[in-house]
Amino acid sequence: MKRGNSHSRFINCSCRHNLGCQIYPQKISASTRTFHWRPHNDDRCHLGTILPPDKSTGSKWLDMVQFISMSFSSRAAKLGMIIMVIGGFSRYMDKIGASTALVKVSVRPLQKIGKPYLVLALTSILGNFLAMFISSASGFGLLLMVTMYPVLVKLGVSRLAAAAVIATTSAPGWGPAGADSIYTAELAGMNIVPYFINYQIPVGICTVIALAIGHYIVQLHFDKKSPDSLAGTDVTASIDEKQGSGLISPKVPGFYALLPTIPLFLVLIFGLCESNIKMDITLATLLALMITMAIEYLRLHNAKKLFHDVNAFWDGMGFQMTLVVTLVVAAETFSKGLLSLGAIDTLIKGAQGAGFDGIGMMFVFVSIIIAATLVTGSGNATFFAFASLAPKVALLSNVPAVLLLLPMNFVYNLARSLSPIAAVMIVVSGAAGLSPLALAIGVLSCQ
């Protein structure tokens, strides 16, 4: 505690709050003084600034609830609508069999190549690209276990190698239709199209190539070192009745494989070409939905069946609202609490004191996300929680926000493929009759 100057009526406080607190003498006498401590701003000592004055309810405690309410209003109206529309379209593609057609048509050429480990690497590359159009990593992995897993093992690849490649098909986590990509672009202050073209594609292509090369070299090495007795034989994926029923899809024409790709092509065409038409991902998805409905009616000539199938679109929207939008709001509430309490400022100052710059902070955040994803098996919760902190950290570290967000966007998907308790790892390992831990080790060796 420091005494003020001789003209001051108070004594400056050097307490841990560091908020300019002052201690005022209640009674002044030559022998003793009684001091009363009064902070400069009592609210700041406890809860920090939650809402700006023009939006505050007048109570810090009610401001907490008001912040959640405002987050739901803003997220459901913009970011949430984008995520829900894309999720609904993906569910509709599954319902009419277009997603299954896309996978079957795409893998058909690979089944005719006779070199096992070349097919293994090409399966990795093809899967990484197809994952942009199929939102469920575990569902996509199960579909590949039915279509490509028997082919790979029959060619002479071990079961572990085949399962490891299939488990990492969704590892890059890129694409303009991903909820994480859309959220990252918004936090970075840009539209999803330039973010995808200028940032995700260069990094994503390098990631895809690195995964393919890693699988080719590592899986070949371990298969020679520890041969699989079932390699080269006819095997099938072991799936239960519930999983099998989810894979049942109607027989559709081959061109239905193009339907899930319509939104991406519309966004890229109008985004790369100079045009007066502004095509965002929501508009492109709704147009793709209308085109698909028109094609379905021409194929079925049954309006009742058509609108019954479209219910899958609304179900998908509701699922995304429940799963993703609420997760985004919860993550932003969590990050707001850390910011209000000054935890992030303390983290930045501590990191800077330890010699970390903006790049160093990137590694700190990436390490946290990897560790949390490995432990929980879910990358979404971890990513949304810490991604919302990135703009504040980037501002204090004097680096562009996208420099922190882009590695976080990629690494949590990669880390999910290393966790033995992730849904995709459990599904793929179960279908291959392997231990999830053994599969995780097989994947880790390639990364």
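Read-outs: derived from the displayed coordinates by stated rules, not from any lab. Predicted model, so just to flag it, every value in this text is computed and none were measured. Methodologically, a virtual Cβ is constructed for each residue, glycine included, from the backbone with ideal geometry; neighbour enumeration extends over all protein chains shown.
Below are the figures for this structure:
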| read-out | value |
| --- | --- |
| In the stretch 58-105, the trypsin sites (Lys or Arg not before Pro) that fall in loop regions by DSSP, at most 16 other Cβ within 10 Å | Lys78 |
| By average C-beta atoms within 10 angstrom, highest first, the peptides 396-408, 128-140, 151-163 | 151-163, 128-140, 396-408 |
| Solution diffusion estimate, µm²/s, Stokes-Einstein, the stretch 297-402, Kirkwood Rh from C-alpha pairs, 37 °C, viscosity 0.692 mPa s | 199 µm²/s |
| Square roots of five times the Cα gyration tensor eigenvalues for the stretch 381-429, Å | 29, 9, 6 |
| Shape box of the stretch 176-318 [Cα atoms, principal axes, largest first, Å] | 58, 42, 28 |
| In the stretch 90-169, lysine pairs with alpha-carbon atoms under 19 angstrom apart (chain gap of 8 or more, or interchain) | 5 |
| Share of pairwise Cα separations in the stretch 285-324, more than 12 Å, in percent | 61 percent |
| For the stretch 159-240, projected area of the alpha-carbon convex hull averaged over all directions, nm² | 7.5 nm² |
| Largest-first principal axis extents of the Cα set of the stretch 59-196 (Å) | 69, 29, 28 |
| Descending semi-axes in Å of the stretch 353-420, equivalent ellipsoid built from Cα gyration tensor | 22, 12, 9 |
| Å³ per residue enclosed by the Cα convex hull of the stretch 111-172 | 70 Å³ |
| Cα shape, the stretch 257-318, gyration tensor, a/c 1.5 rule | prolate |
